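In what follows, a structure is listed as structure tokens, so that the remarks can point back to it.
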């Protein structure tokens, strides 16, 4: 919750009355607890108060005022959400538009990389073709078959030179990734192996996902009862579902623990009342023991 833009709050007389009745040495603690809650959404912690009686008084006074403070804070936050929604409707990119723009930028980087590879291959093959064309013009028809064989050999050499070299990080995390797949699903040849390594590289360089997170996502997908039978290759991670969301994002979202159900207002009020009853009883016991 971002409260940096909050300019003020309602300071009710009840806050002043309660603070004035507290011992002077803890009045500041009570007032700062109110301010920290309103401007930073921080719940107070009075554990540093060594005097047990003072600590108990602070907790009782806080529980007596927190309902009023919470209403103010919730009202401010709801007002800010409403204001942000109206600003978003009038101008500025929405969250979905920003996500689409980011996706488009990533795809453009990927296309540029592929175009660069194609251009390099084109230059290599054009020089080979030029050499072959020149030799064809000078040679007789009986030598043309030999020229074709030479061209094939040169293409094979060029392909061997073009074999992709991956960083040590990609190589290391590739060995971790394939351990999550059974033997029959792992790459069977060099080309398939390079495709998996390239997938890891793109997830890290284009999608900006740390390698350690990628491995955790792979582990989750391979161990999930449903996805283990649908996640059979690393190449699935950058593919998109019917909603246009990459599966690496789908998996990472499903990995997150589900949030506990938020308590109702009535449940919160009952808890507050129970706490007050317990603390008043404890305070009476302390006072009686001192008499």
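What do you get when you divide the Cα radius of gyration of segment 13-84 by 2.2 N^0.38 Å, with N the number of residues?
Working it through for segment 13-84, the quotient is 1.21.
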**Message:** Restricting to Cα pairs below 8 Å that are 6+ residues apart, what does the relative contact order work out to for segment 166-258? Please round to a whole percent.
**Reply:** 26
**Prompt:** Modelled label-to-label distance, residue 3 and residue 235, 7 Å Cα→beta-carbon offset: nm?
**Reply:** 5.3
**Request:** May I ask you to derive the FRET efficiency for residue 245 and residue 164 from their Cβ-Cβ distance with R0 = 25 Å, giving the value to the nearest 0.05?
**Result:** 0.35
**Message:** Give me Rg/Rg_expected for segment 166-258, where Rg uses Cα atoms only and Rg_expected = 2.2 N^0.38 Å with N residues.
**Reply:** 1.02
**Prompt:** How many nm separate the modelled label positions at residue 215 and residue 171, each set 7 Å beyond the Cα in the direction of the Cβ?
**Reply:** 1.6
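Set the Förster radius R0 to 51 Å, insert the Cβ-Cβ distance between residue 285 and residue 185 as r into 1/(1 + (r/R0)^6), and round the FRET efficiency to 0.05.
0.15
Each reported figure results from applying straightforward, stated rules to the coordinates on display, with no laboratory input. If you're wondering where the values come from, they're calculated on a predicted model, not measured in any experiment. Cβ atoms come from the backbone with ideal geometry, glycine included; neighbour counts cover every protein chain shown.
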